[in-house]
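The values are calculated or read from the model by the stated rules, or taken from the named source; none is laboratory data. Remember, it's a predicted structure, so these values are computed and weren't measured experimentally. Cβ placement follows ideal geometry from the backbone for every residue including glycine, while neighbour counts extend to all protein chains displayed.
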């Protein structure tokens, strides 16, 4: 997926590459989003209670978890087939942007950072993939 671009040289001659960084960030983002998906599936109180407060119908919860799970798997798949990772990343950016909008519409301004914590690593993975490839 990634073409190595040397970022800096270490004393012993080994290079930290943009490709390595992009891969690590992508895997971390996928695991983080996957954790979020599992949290919805098991109906962790700290996840579903705010969803109810925001007015998100319970019937949507499995679909929201499935969307996050698919995005997580897609990010990992993108390490092998880049277009899948890009599509998954864009889908997750749209998902978490929608989550921010939902929180704002519910006037739960103190909760805005929570979807941003999931959005940021996905954006970072997309940006690093772009610069690495």
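Descriptive notes on the structure:
- Every condition in (1) touching a helix residue (DSSP H, G or I) at 6+ places or on another chain (Cβ under 6 Å); (2) over 19 Å from residue 60 (Cβ atoms); (3) at pLDDT below 95 holds for residue 111 except the one numbered (2).
- Annotation note: of 50, 4, the sole residue that is surrounded by 13 or more Cβ atoms within 10 Å (Cβ to Cβ), assigned to a helix (DSSP H, G or I), over 18 Å from the mean Cα position of the chain (by Cα) and modelled with pLDDT under 95 is 50.
- Of residues in the stretch 77-103 being over 18 Å from residue 56 (Cβ atoms) and out of contact with any helix residue (DSSP H, G or I) (no Cβ under 9 Å at 6 or more places or on another chain), the one surrounded by the most Cβ atoms within 10 Å (Cβ to Cβ): 81
- Those residues of the stretch 27-40 which are surrounded by fewer than 16 Cβ atoms within 10 Å (Cβ to Cβ) and either over 11 Å from the mean Cα position of the chain (by Cα) or in contact (Cβ under 8 Å) with a residue 12 or more places away in the chain (or both), in sequence order: 27, 28, 31, 38
- When 56, 86, 90 are screened for being out of contact with any strand residue (DSSP E or B) (no Cβ under 6 Å at 6 or more places or on another chain) and over 16 Å from residue 33 (Cβ atoms), only 56 passes.
- Only listed residue being modelled with pLDDT of 95 or more, surrounded by 12 or more Cβ atoms within 10 Å (Cβ to Cβ) and out of contact with any strand residue (DSSP E or B) (no Cβ under 6 Å at 6 or more places or on another chain), chosen from 67, 106: 67
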